[in-house]
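Reviewing the structure listed below.
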Amino acid sequence: MGPTVTWCSDSARALMRGGYRILRCPLNRIDRYVVPVFVAEDAPANLAYQRFLIGCDRIAAQALDDRSAAAHAVRVDRRSAVIRYAIARHRHEIQRETDALLAGHRARFLRSQRLHKTRRDKTRRDKP
């Protein structure tokens, strides 16, 4: 067996890591200073942009063996997890309120059905 062929030498990887860090700098500034001005923190566009950054960092971490990118992906993921959790809690609360409202409507409907059935049965018995 011959030597293992890697797709990229260590020096080329280091060069690409540097390039990625340069590219990541404006993306981070956009995330930190531009997006919050135009988009709410819990807006789908903001969450999508953060998912994009996390994906880029994870790819760079694996492909370029970049620990800095891996750490950044974890930080952004933790920050957005708080927002995602709050959104999920809010949606769950809305679902609970909707379920309670529907249960009330269902109970009222069943009561009215029983009342109409009782009236129908009574009128049938009263008729000669």
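Values as computed for the structure displayed
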item	result
Cβ-placed point charges (K, R +1; D, E -1), dipole of segment 3-87 about Cα centre in debye, nearest 20	120 debye
0 to 90° range, to nearest 10: angle between helix 44-63 axis and the chain longest Cα axis	40 degrees
Summed residue charge, Cβ within 12 Å of ALA73's Cβ, Lys/Arg positive, Asp/Glu negative	+4
Sites ASN28 and ALA88, calculated FRET efficiency, Cβ-Cβ separation with R0 22 Å, nearest 0.05	0.30
Hydrodynamic radius of the chain per Kirkwood, over alpha carbon pairs, in Å	19.9 Å
Carbon plus sulfur fraction of accessible area for segment 6-128, probe 1.4 Å, in percent	60 percent
Selection from ALA73, VAL37, ILE94 lying farthest towards where the dipole of the chain points positive, charges on Cβ	ILE94
Isotropic mean projected area of the C-alpha convex hull, segment 24-83 (nm²)	3.6 nm²
Where the chain is the region considered: accessible area per residue in Å², 1.4 Å probe	79 Å²
Structure-based [θ]222 nm, the chain - -39500 (n - 2.57) summed over DSSP H runs of at least 4, per residue, nearest 500	-29000 deg cm²/dmol
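The values are calculated or read from the model by the stated rules, or taken from the named source; none is laboratory data. These numbers were taken from a predicted model, which means no experiment stands behind them. Neighbour counts are summed over all protein chains in view; Cβ atoms, including those assigned to glycine, are modelled from backbone coordinates with ideal geometry. Surface areas here come from the heavy atoms of the whole protein model, side chains and all, with no ligands, DNA or RNA. Shrake-Rupley method; radii C 1.70, N 1.55, O 1.52, S 1.80 Å.
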